[in-house]
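Contents: one structure, followed by commentary.
The values are calculated or read from the model by the stated rules, or taken from the named source; none is laboratory data. Values in this document were obtained by computation on a predicted structure and should not be read as measured data. Quick reminder, even Gly has a Cβ in these numbers, built from the backbone with ideal geometry, and neighbours come from all protein chains shown. Surface areas here come from the heavy atoms of the whole protein model, side chains and all, with no ligands, DNA or RNA. Shrake-Rupley method; radii C 1.70, N 1.55, O 1.52, S 1.80 Å.
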Amino acid sequence: MDITVNGTAVAPPDDARVSLLDMLRDHLHLTGTKVGCNQGACGACTVLIDGRRVLSCLTLAAQAAGREVTTIEGLDPHPLQAAFVERDGLQCGYCTPGQICAAAAMIDEVRAGVPSYVTADLSAESVPFSRDEVRERMSGNLCRCGAHNGIVDAILEVADGSTV
Amino acid sequence: MNPVQYRRAESVEDAFPGAQWRLLGGGTNLVDLMRKGVEHPAGLLDVTGLSEEIAASDDGGLVIGAAARNSAVAAHPLVRRRYPMLARAILAGASAQIRNMATVGGNLMQRTRCAYFADAAGSRCNKRAPGSGCDAIGGFTRYHAIFGASPECVATHPSDMAVALAALDARVNVAGPGGTRTIPLAEFYRLPGDRPDLETTLGADEIIVSVAMPASPFAGASAYRKVRDRASYAFALVSVAAGVTLRDGVVDDVRIALGGVAARPWRALRAEETLRGTRPTDEAIDAAITAELASAEPLPGNEFKIELVRRTTVAVLSELRGTPA
Amino acid sequence: MSRVQNAAISSVRTVLGWVPDRWLPSGSPDPLIARQQEIGRPTSRVDGPLKASGRAPFVTETVLAGQTYATLIHSTITRGRILRLDSTAAEAAPGVLLVMTYRNMPRLGIVPMASLTNLGAAGNSALPIMQDPEVRYNGQVVAAVVAETQEQADHAATLVEIDYAQEPAATRFEDAKAGARTLTSILIERNHVSVGDAERELRSAVHAVDNVYRTPRHNHNAIELHGVVAAWDGDALLVHDSTQAIVPTANALASLFGVAKEKVRVISPYVGGGFGGKMMWDHQVVTVAAARLAGRPVRLRLTREGVYRIIGGRSPAEQRVAIGADADGRFAAMIHTGYSVMPPYGRFPEQYTLGTRAAYRSKSFEIIQRHVDLDIVPNTFMRTPGETIGAFAVESAVDELAHVMDLDPVELRLRNLPDRHPLSGQPFSQHAVHQAWTDGAERFGWSRRQAKPGTVRDGEWLTGLGCGAGSFPYARMPGANVRLTLRRDGSAEVSTAAHEMGMGTATVQAQHAADRLGLPLEQITVTLGDSALVAAPIAGGSSQTVSLVAGLSAAADDLRDELLRLAGPDSPIAGLKAAEVRLADGGLVSVADPARHDGYREILARAGRDEVTVTAAGSPPLEMLKYSMHSSSAIFCELRVSAVTGEVRVDRLLGSFDCGTILNPKTAAGQLRGGMIMGLGSALTEETLFDERTGRIMNPSLADYHIPAHLDVPPIEVMWTGIPDPRTPMGARGIGELGTPGVAAAIANAVFNATGKRVRELPITLDKLL
């Protein structure tokens, strides 16, 4: 079973140890997906599988067979990208593709009414697009340069503006 | 990481591949441990194609397929309505990305985050290599147990979800070559004793099929509170899952389960017993959890958990007390 | 420390011998300060779209023909030697090309140790790299495995069998204090400062505080892992690196491997975060050696654990700060002493007392740092070295004194601000700290603070306000070369072997070039990150921007001279001398008569030239010799502490800065916020767990070393006085590190205000507040 990467069918690697992250970067040269820890702890490797955000470092490529993988290259162009630049939601730029992939999926999650740990009423059918909600939902994507304010601003701008 | 085979299970019957194989859920813990040299399976049997159904049961409860993703459970309307404590616990765990990957079965089977356990190259660990010693004792114990530990192992179970499941009296449905059986969550995890490598009562050739929860009287008055070193995306120092029902201002039923304090979610049965039938004043709650903590044995470096458990439990229950059941 | 000191001082002496021509201690300010157009605009970073699309090439994106993959093996003991090393199974494993150990590693010398001024050195450790079976610290590299794929190399590394003979190791800070060393100097400052009799003044002071403050190890934790791709072609060496020291790394590798400097090329266009951690360590040397032995290009990407094992971070420290004051709060005694770790094979003294020397007036001073020797990976600079932890101690102490005196802590600081350097008596080049404090206090709403601790409560949450000061010295490096190419189409290219690791280097220098040359911003391109370009110093000490501004400014002068020559007799500016023209409006213009103007396009067209290229270095940084040059901050914090759990939640941070001209308010705000967030992390969550029983770091992971996550980071307001420094290029001073110092103290002081609990040991974890 092939893996669909940004719309293109790709055969899974022969070596079952190869992570989705290493397949993307080292085999397919889709290097927009970054490796920050290879421990599932930083979010830099975030991609979408069947539209949901996951960590590609802890996903074996074989697990993605039969599924659709979308990387930053597949999202491009996305309104979040321009918003990140405009709001200076980046500095070194290394965590940025992972932040943007995570944010794109996160906006969908909020619109679908999926709650978070900071949502007051878990039984409510819709959740607000507040700064606290965005901060909690993006906490799996670490940034060391300290672009957090700009990242949250960019996401709120895109989400409020319904430009997605 | 050693060379490894990979295949997908087509059915539960297909899912007993042999001793050298491991079942693979989301992989969020297993793949990491393989990379760290802690786990060395010869093969990985991907069981995420098995049941991920979340369905109401006839008795007003809920059955969750073992392959259901954590995020799907937390977002499910029935879970949010009937078991908000469970939804909150799952949402407290890890990150959205990891919750999208992790399965319910995998969550229950995850290993401790003890740093000495994870350090295959440089630290001794009886859980990893039985009989080798425990470097955690005398080391950094912030995330280690205060209940039920042994001289061989002081590790804690890291799951948030399991703490809520313990409070909700969940049962784990398992299947093996000999058929199926049900294990109450309270009996699912072993305390370390002299065999910390044996973590659950699941047989070596058994697989978790689903988790079943009875109808809960606590939907409206339950909570999960996680206390940690970072505001988000960190394991619990201490967590409290609690639910309470009152009748005429007196505790009718109460559940308290603690996370981050033992090798299993710690049901505070003594505290529950003490509280049942009493008026849940702050003093009564305090006395109850203090009674529970009488059996705690903190390590040098995690003594603060005694006070933290006490205060957090009092705060959670006193807030629930004010919530209409 | 004498080697670094000597290097620095000799460099200063060298530059003193040069003829200065700009920003002279007695000279006039950069004229461009008064003519800002693009400078000062909130331009979005020019490489933003590339980064946001994932197309910015970081080091491990590199793929060379025939590339192989390496994995390191780290020592699991702390001190001893390798007794037995069996690589048979690893060598026989699929895909393995090379197992490199001390036995077959090429014989190499010691990596030249980094200093602020030496373009030929970038090292952090004076230990030999895989030259012998000795182990000097836990995690040291003992072998490297090279294979056809990363998976094969990783697996084969697990097959190498190593037995060690262990020897006793020094791993306990408290035990090692007895043997602490006292260095003569800390960087280029005298270590021991004694003015008056501070202990006696302290004893007789009307008000006094005297406490010990402890701070833990920290790691930089740039999100990008360190990586190298190295390839030999004969005696030519190509290295793709992630480094904040491009030219020094190239020069050091040339000298280590015995090849000519021009044969080594280091490329590093984008660095995924540095913070002091991306200098030269063992991994570059091992990769280059492996590439030579394997005869193939080799890529090495450190694991996250590997970064903790072989890249040092911030030293732990124990500082005593004692302040004595008269009845009005005027300081009579300032005592700042302490211990930090620096092994003899390290060179970075964690200069936590340097900020203290310039911060406040005092009748007497007693300052000295002592260094503890442990068997550890050598510590290094980490964002705002010294000041970060020094300011935590001193600014906590000032807050404690204010509390003792029942005086507002802002007022106490204002009463003690110096009007010239308190020790040297040198004038400040520019110093508006008072304004930073008063502006910041007003914007923040400091007057809302309740002086009595523990009195503001909202449900289970206790609210507190706190403040703290930070400072960072100005530095400009000699040797910042810039090549400037002006083309006939009116475009210009600025190139230099400088670094982009998030500071916005290309953006700000493009803005600068636009103003310096009088060209539209769109006409400027900036090329960085390649040792084949003209040499630039390290990106360190928050010095890169002003160093490049000086270099570009000098190049612009040369360009002016060259264009004057090319303009010829038919030019509207014919006959004017260099001093009588300036670059503006896309050409040369007469200073006296702006109507006399000759466009660049016209000059080049008449001269039949497609382009003009000049290269120049910035003038010697003599301004640093005559003036005391510091940027300063006033940091304000509002937070909540749970009365139940002791959890701290920071709700607001405000930084008010006095740091010269702000070149780009958007990227500057980002850098200042970023520094403040690192301070937030140091205050509340960050600690490298070093197991003193074994000497092993036990949280080598981003899951267990807690850098702030989004939910930890509140909205952060930044503001600045914006007053240009008349002694610096463009009036600017560095801001990359200024955000951090003062934040931890502001948070600790706010925690005290909220709870009445004084925490003198970082991080302020909840157990300290229960």
B:D58, sole failed condition from (1) in contact with a His (Cβ under 8 Å, 6 or more places away or on another chain); (2) open to solvent by 60 Å² or more (accessible area, probe 1.4 Å); (3) more than 8 Å from every other protein chain (Cβ to nearest Cβ): (1)
Of these, B:Q110, B:Q97, which one is modelled with pLDDT of 95 or more, open to solvent by less than 10 Å² (accessible area, probe 1.4 Å) and not hydrophobic (A, V, I, L, M, F, W, C)? B:Q97
Could you tell me which residue of the stretch C:686-731 is surrounded by the most Cβ atoms within 10 Å (Cβ to Cβ), considering only residues that are away from chain A (no Cβ under 11 Å), among the β-branched types (V, I, T) and over 21 Å from the mean Cα position of the chain (by Cα)? C:I697
For strands (runs of 3 or more DSSP E) lying entirely in the stretch C:260-368, having 1 or more residues that are of a type in the set (D, E) and under 29 Å from C:I188 (Cα atoms) picks out C:317-325
Looking only at the stretch C:279-293, decide whether some residue is open to solvent by less than 10 Å² (accessible area, probe 1.4 Å), of a type in the set (D, E, K, R) and either outside the structural domain of C:T688 (by TED's automatic domain parsing) or under 24 Å from C:L533 (Cβ atoms) (or both). no
Criterion (in the same structural domain as A:I151 (by TED's automatic domain parsing) and either β-branched (V, I, T) or touching a helix residue (DSSP H, G or I) at 6+ places or on another chain (Cβ under 8 Å) (or both)) met by exactly one of A:I107, A:I49: A:I107
Scan the stretch C:514-555 for residues that are touching a residue at least 60 places away in the same chain (Cβ under 8 Å), open to solvent by 30 Å² or more (accessible area, probe 1.4 Å) and in a helix (DSSP H, G or I) and jot them down. C:L521, C:T545
Say whether the condition of being more than 11 Å from chain A (Cβ to nearest Cβ) and open to solvent by 10 Å² or more (accessible area, probe 1.4 Å) is met by at least one residue in the stretch C:664-671. no
Being under 23 Å from A:S123 (Cβ atoms), among the basic types (K, R) and either within 19 Å of the chain's Cα centre (by Cα) or more than 12 Å from every other protein chain (Cβ to nearest Cβ) (or both): is that true of B:R88 here? yes
I'd like the residue in the stretch C:142-164 that is open to solvent by less than 30 Å² (accessible area, probe 1.4 Å) and out of contact with any Ser or Thr (no Cβ under 8 Å at 6 or more places or on another chain) and, out of all such residues, is nearest to C:P344 (Cα to Cα). C:H155
For C:N749, which of the numbered conditions (1) over 21 Å from C:R673 (Cα atoms); (2) buried (at least 24 other Cβ atoms within 10 Å of the Cβ); (3) among the polar types (S, T, N, Q) fails to hold? (1)
For strands (runs of 3 or more DSSP E) lying entirely in the stretch B:122-214, having 1 or more residues that are aromatic (F, W, Y) and modelled with pLDDT of 95 or more picks out none
On the basis of being out of contact with any Pro (no Cβ under 7 Å at 6 or more places or on another chain), closer than 30 Å to C:G440 by Cα, among the hydrophobic types (A, V, I, L, M, F, W, C) and not assigned by TED's automatic domain parsing to the domain that holds C:I267, does C:A539 make the cut? yes
Out of C:D373, C:D328, report the one residue that is in contact with a helix residue (DSSP H, G or I) (Cβ under 9 Å, 6 or more places away or on another chain), under 30 Å from B:A118 (Cα atoms), of a type outside the set (V, I, T) and surrounded by fewer than 24 Cβ atoms within 10 Å (Cβ to Cβ). C:D373
For the stretch C:110-119, indicate whether the set of residues that are touching a strand residue (DSSP E or B) at 6+ places or on another chain (Cβ under 6 Å) and within 23 Å of A:H27 (Cβ to Cβ) is non-empty. no
Residues that are in a loop (DSSP other than H, G, I, E, B), over 11 Å from B:M101 (Cβ atoms) and within 12 Å of chain C (Cβ to nearest Cβ), drawn from the stretch A:58-88: A:T71, A:D76, A:P77, A:H78, A:R87, A:D88
So which residues in the stretch B:28-44 are of a type in the set (S, T, N, Q) and within 8 Å of chain A (Cβ to nearest Cβ), if there are any at all? B:T28
Quickly run through the stretch B:119-149 and pick out the residues that are open to solvent by less than 30 Å² (accessible area, probe 1.4 Å) and either among the aromatic types (F, W, Y) or within 10 Å of chain C (Cβ to nearest Cβ) (or both). B:D119, B:G122, B:S123, B:D135, B:A136, B:G139, B:F147
Is it the case that some residue within the stretch C:444-465 is under 20 Å from C:I723 (Cα atoms) and among the aliphatic types (A, V, I, L, M)? no
Looking only at residues that are touching a Pro at 6+ places or on another chain (Cβ under 8 Å) and small (G, A, S) in the stretch A:112-126, which one is surrounded by the most Cβ atoms within 10 Å (Cβ to Cβ)? A:S123
Within the stretch C:600-615, identify whether any single residue is modelled with pLDDT under 95, in contact with a helix residue (DSSP H, G or I) (Cβ under 6 Å, 6 or more places away or on another chain), of a type outside the set (D, E) and open to solvent by less than 40 Å² (accessible area, probe 1.4 Å), and answer yes or no. no
Pull up the stretch A:112-143, narrow it to residues that are without any contact (Cβ under 8 Å) to a residue 12 or more places away in the chain and farther than 11 Å from B:S232 by Cβ, then point me to the one that is farthest from the other protein chains (Cβ to nearest Cβ). A:P128
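The rows are residues; the columns are (1) touching an Asp or Glu at 6+ places or on another chain (Cβ under 6 Å); (2) facing chain A (nearest Cβ under 8 Å); (3) basic (K, R); (4) under 19 Å from A:H29 (Cβ atoms).
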{"site": "C:I39", "(1), (2), (3), (4)": "yes, no, no, no"}
{"site": "C:T43", "(1), (2), (3), (4)": "no, no, no, no"}
{"site": "C:L50", "(1), (2), (3), (4)": "no, yes, no, yes"}
{"site": "C:T60", "(1), (2), (3), (4)": "no, yes, no, yes"}
{"site": "C:G66", "(1), (2), (3), (4)": "no, no, no, yes"}
{"site": "C:Y69", "(1), (2), (3), (4)": "no, no, no, yes"}
{"site": "C:R81", "(1), (2), (3), (4)": "yes, no, yes, no"}
Against the conditions (1) surrounded by 21 or more Cβ atoms within 10 Å (Cβ to Cβ); (2) free of Cβ contacts under 8 Å to residues at least 40 places away in the same chain; (3) more than 14 Å from B:Q97 (Cα to Cα); (4) at the interface with another protein chain (Cβ under 9 Å from one of its Cβ atoms), where does A:G40 fall short? Just the number, please. (3)
Qualifying residues in the stretch B:1-27 (those that are of a type in the set (D, E, K, R) and open to solvent by 50 Å² or more (accessible area, probe 1.4 Å)) - the one farthest from the other protein chains (Cβ to nearest Cβ): B:E13
Residue check: is B:V238 modelled with pLDDT of 95 or more and more than 14 Å from every other protein chain (Cβ to nearest Cβ)? no
